[in-house]
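Reading through the structure tokens given below for one structure.
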Amino acid sequence: MSEKKPVNQDSKQKDLDKNRQDAEGYLTTSEGQLVNNTDDSLKAGRRGPSLMEDFMAHEKIAHLDRERIPERLVHARGSGAHGYFQPYQSWQEITKAKFLQTPEVKTPVFVRFSNVNGSKGASDTLRDVRGFAIKFYTEEGNYDLVGNNIPVFFVQDWIKFADLVHALKPEPDREMPGNSSAHDSFWDFISLMPESMHMVMWMLSDYTLPRSYRMMKGFAVHTFRFVNEEGKARYVKLHVKPLLGVHSLDWDEAQKIAGKDPDFLRHDLWDAIGKGDYPEYELGVQIVEEGEESQFDFDILDSTKLIPEELVPITPLGKIVLDRNPDNFFAETEQVAFQPSNIVGGIDFTDDPLLQGRLFSYADTQFHRLGSANYTQLPINRPVCPVHHNLQDGFMQTEVRTTKVNYSPNSLGGGCPFMTPENLGGFVTYPSKVEGEKVRGRSPSFNEHFNQARLFWNSLTPPEKEHLVKAAQFELGKVFHDHIKVKMLELFNEVDHDLAVMIAAGLGLTAPGAKEKPKNQETSPSLSIIEFARTMPKSIKTRMIAILAADGVKGIELQGVKEALEKEGACIKIVAPHGGKIKADNGEEIVVDMTFLTSASVIFDAIYIPGGANSVKMLQANAEALHFIMEAFKHCKAIGATGEAVKLLETAGITGVDISQNGLRSQSGVISSQETGDLSSFNQNFIDAIAEHRFWGRTFKTAVPA
Ligand code: HDE
């Protein structure tokens, strides 16, 4: 039985602390000795050699030498946040899990977002699948939902995970490329693994370029079970939906941010929580009654398949709110140990052959990564409920156990700890029926690989299709061996002939011959980011907007538009040719947040340029300012200009598009108004344009050299 009583809490320690209160705040060693100088090493003479007895220096360097632990094999780069989960109502009909019973009860959570492929120092924005892992600290112990931002996976059987990771990671002879799947070994593997094609379509889509962790879905991927108090089980797929909607970056933009602000997504999350713009998500579930799973033309245990929302809608269970940044990156975000095997009564596994392997791998990796079987005692991993077990000793055991009984059954300890009866919330494995011969093989129900890849393709809007084709051309364009590209074109041809033809054109290869179009040409609009956005409330909350200005800017225009945008929750930065302050035409001094040197258009969602003859003249003569505007246009962002600044759009090269005049609505997302007396219609239409996120269909953008 574990007694949770840290050593430094005993009375002896308290006395010592009292005696030392005068020394509060002074430097000590890790053993508590007060020390007077750790800025100079101990030497024999001021110019002499260092002495071996310098325990202060030894401690400092020896600790530094050991400060790194192995980075996660995958998902190495991550950002974390604390928060809570609150159910909308009692879900006792479908599960007995306590954290889903009472709408008044908030369950603490810690969430870690990550990118799969890149190492710990990778840039945030390059194309990568994202992890979305949630630890629920429930009153019945920890429940971990370790998901991704894509609802399916590359392989069906966990034994293939090692091959996938080897192929994806930098090639072993040269350790290149550092942070990209665009290389021979990855596409060689994929070209020989048709089961990956559905996930590959998602990977090449805009889902792998999230604008923000706050604007990203999460999926548990596998089918799990919910079990209620009566023991009735149902199949479930868990989903997490961001209330800000799903938004993504443009590929060119993502690559540029990787250099301009490699911590872009980390900043975004940290800053938003710091400002009180707490990210919110909805946890939901698709429910399939036992016995009804055979209605689908795929196997619900196959993790390369999703259940279209049009067939089984998502039932919203409750809300996740992230309201606190971590205090210490290493102690929390780095040391957090997620495990799909962390489960509570009322939720259970299924026989999904991908899930089964995960139930072993995560604990195994934590033993290695965190160096001890006692990693569950780390503050970030510790459950909020009491723990009673017979696990003993091991490296870095922090608990001082005071019982001599560490086995079961026992009489000396009164039989403690007792086995928890089911009615007290004890986890009991759902007694699903299993029988069969031992066999290395797969169910024939796992054999079809292209229907859902095609469903995904058919569900995308034209700009999303264009992005996917470009992504495939980019990835395969970086592959050296032609036979791999040819094999991939054959697989794309199985998905859709037109898709294969378009990709082949960019590679300078011939697409395989047309196949008879499969009858199944259904669509599932919820799979498209753009279609999904249409179902969400429009808002510019937390969007980053740059106001470009220089000395002489029309103060009244700048402040009026700024206030209107801020009222809608946007985050405004004044970008100017120099730091400090600029002087408006009315004499007002305006604080500059960033300069053209310290910022870039790619870190903003939209830009606004106020009038003022002198300001506009200065921006017109500033190549960096013109580049800023052109680039924002090329990346399909909303652009607003008023007064004299309207002509600046033309100087920047934004011609040939429908620029709205006098603040009217525009299909192109470029809103201008030469009339500056009343800017209310300009403000409204500019706000509506920003809420569109991007004008992907914007024509003429490729003619803009940025
Ligand atoms: Fe993971 N995965 N994975 N994975 N995974 C890890 O655990 C593994 C899979 C996911 O923020 C590792 O602590 C196997 C699917 C996330 O700390 C490792 C298989 C999904 C995270 C591991 C999979 C995920 C990981 C590496 C196939 C989405 C980061 C470091 C059988 C549902 C969690 C670590 C965090 C991390 C194994 C497939 C999500 C090696 C064997 C499918 C979000 O244990």
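What is the dipole size for the chain, taken about its Cα centre, with +1 at each Lys and Arg Cβ and -1 at each Asp and Glu Cβ, in debye to the nearest 20?
Magnitude of the dipole: close to 620 debye.
What ³J(HN,Hα) values, in whole Hz, does the Karplus curve 6.51 cos²θ - 1.76 cosθ + 1.60 give for the stretch 582-588 when θ = phi - 60°, with x put for Gly and Pro?
These are the phi-based 3J(HN,Hα) values: 10, 9, 7, 4, 8, x, 5 Hz.
Pairs LYS169/LYS260; LYS478/LYS519; LYS98/LYS217; LYS260/LYS617; LYS515/LYS701; LYS120/LYS567: which are spaced more than 29 Å apart, C-alpha to C-alpha?
With Cα atoms farther than 29 Å apart: LYS478/LYS519; LYS515/LYS701; LYS120/LYS567.
Taking the highest mean first, how do the peptides 334-343, 500-509, 67-76 order by number of other beta carbon atoms within 10 angstrom per residue?
Put in order of decreasing packing, that is 334-343, 500-509, 67-76.
State, to one decimal in nm², a quarter of the convex hull surface area for the C-alpha atoms of the stretch 55-377, i.e. the direction-averaged projected area.
If you wrap the Cα atoms of the stretch 55-377 in a convex hull and average its projections, you get 18.7 nm².
Taking amide H positions as placed 1.01 Å from N in the peptide plane, with prolines and chain starts having none, which residues 5 or more places from ALA706, or on another chain, fall under 5 Å of its amide H?
Amide H neighbours of ALA706: none.
Relative contact order for the chain: what percent, with Cα pairs under 8 Å and sequence separation of 6 or more?
It comes to 12 percent, rounded to a whole number.
Of all trypsin sites (Lys or Arg not before Pro) in the stretch 109-212, which ones are in loop regions per DSSP and have a Cβ with at most 14 other Cβ atoms within 10 Å?
Taking the stretch 109-212 and a limit of 14 other Cβ atoms within 10 Å, the loop trypsin sites (Lys or Arg not before Pro) found are LYS120, ARG174.
ASN328 to LYS404: extension gain in nm, 0.36 nm per residue of separation minus the Cα-Cα distance?
Result: 23.7 nm gained on full extension.
Along the charge dipole of the stretch 538-691, Cβ charges K/R +1 and D/E -1, which of ALA652, THR598, LEU626 sits furthest on the positive end?
THR598
Compute the relative contact order of the stretch 55-377 as a whole-number percentage, counting only Cα pairs closer than 8 Å that sit 6 or more residues apart in sequence.
Across the stretch 55-377, relative contact order equals 23 percent.
For the stretch 416-487, report the translational diffusion coefficient in µm²/s to the nearest whole number, using Stokes-Einstein at 10 °C, 1.306 mPa s, and a Kirkwood Rh over Cα pairs.
Answer from the Stokes-Einstein relation: 86 µm²/s.
Of MET176, MET199, which has the most accessible area and how do the rest follow, probe 1.4 Å?
From most accessible down to least: MET176, MET199.
With the contact rule set at Cα under 8 Å and sequence spacing of 6 or more, what percent relative contact order holds for the stretch 538-691?
This gives 22 percent for the stretch 538-691.
Find the all-direction average of the projected area of the Cα convex hull for the chain, expressing the result in square nanometres with one decimal place.
40.6 nm²
So, in Å, what gap is there between the alpha-carbon centers of the stretch 27-54 and the stretch 374-448?
47 Å
Run through the DSSP bridge list for the chain and note the antiparallel percent, rounded to the nearest 5.
Percentage antiparallel, nearest 5: 75.
Under a 1.4 Å probe, what is the accessible area of the chain per residue, stated in Å²?
Dividing the accessible area of the chain by its residue count gives 47 Å².
Can you give the Rg to Rh ratio of the stretch 456-533, both from alpha-carbon atoms, with Rh computed by the Kirkwood formula?
Using only Cα positions, Rg/Rh for the stretch 456-533 is 1.00.
Projected onto the charge dipole of the stretch 485-540 (+1 at Lys/Arg Cβ, -1 at Asp/Glu Cβ, origin at the Cα centre), which of GLY513, PHE532, ALA500 gives the Cα projection farthest towards the positive end?
Comparing the listed Cα positions along the dipole, PHE532 ranks first.
Applying 1/(1 + (r/R0)^6) with R0 = 60 Å to the Cβ-Cβ distance of ILE159 and THR595, what FRET efficiency is obtained, to the nearest 0.05?
Using R0 = 60 Å, I get an efficiency of 0.65.
Averaged over all directions, how much area does the convex hull of the C-alpha atoms of the stretch 599-706 cover when projected, in nm²?
It is 6.0 nm².
Work out the charge dipole of the chain with +1 on the Cβ of Lys and Arg and -1 on the Cβ of Asp and Glu about the Cα centre, then indicate which of ILE547, LEU468, GLY415 is farthest towards its positive end.
Of the options given, the answer is ILE547.
With the cut-off at 23 Å, tell me which of the pairs LYS237/LYS470; LYS256/LYS538; LYS465/LYS517 have Cα atoms farther apart than that.
In this structure, LYS237/LYS470; LYS256/LYS538 exceed 23 Å between Cα atoms.
Within 10 Å of each candidate Cβ there may be at most 12 other Cβ atoms; applying that plus a DSSP loop requirement, which GluC sites (Glu not before Pro) in the stretch 426-499 survive?
The qualifying sites are GLU435, GLU437.
Can you tell me which aspartates and glutamates have their Cα less than 12 Å from the Cα of LYS275? Leave out same-chain residues fewer than eight positions away.
ASP323
Could you look at the chain and say what percent of its accessible area is carbon and sulfur, using a 1.4 Å probe and all protein chains?
The computed percentage sits at 54.
The values are calculated or read from the model by the stated rules, or taken from the named source; none is laboratory data. What you see is a predicted model, and the numbers here were worked out from it, not measured in a lab. Because the Cβ atoms are built from the backbone with ideal geometry, glycine has one as well, and the counts that use them run over all protein chains shown. SASA here: full protein model, heavy atoms, side chains in, ligands and nucleic acids out. Shrake-Rupley method; radii C 1.70, N 1.55, O 1.52, S 1.80 Å.
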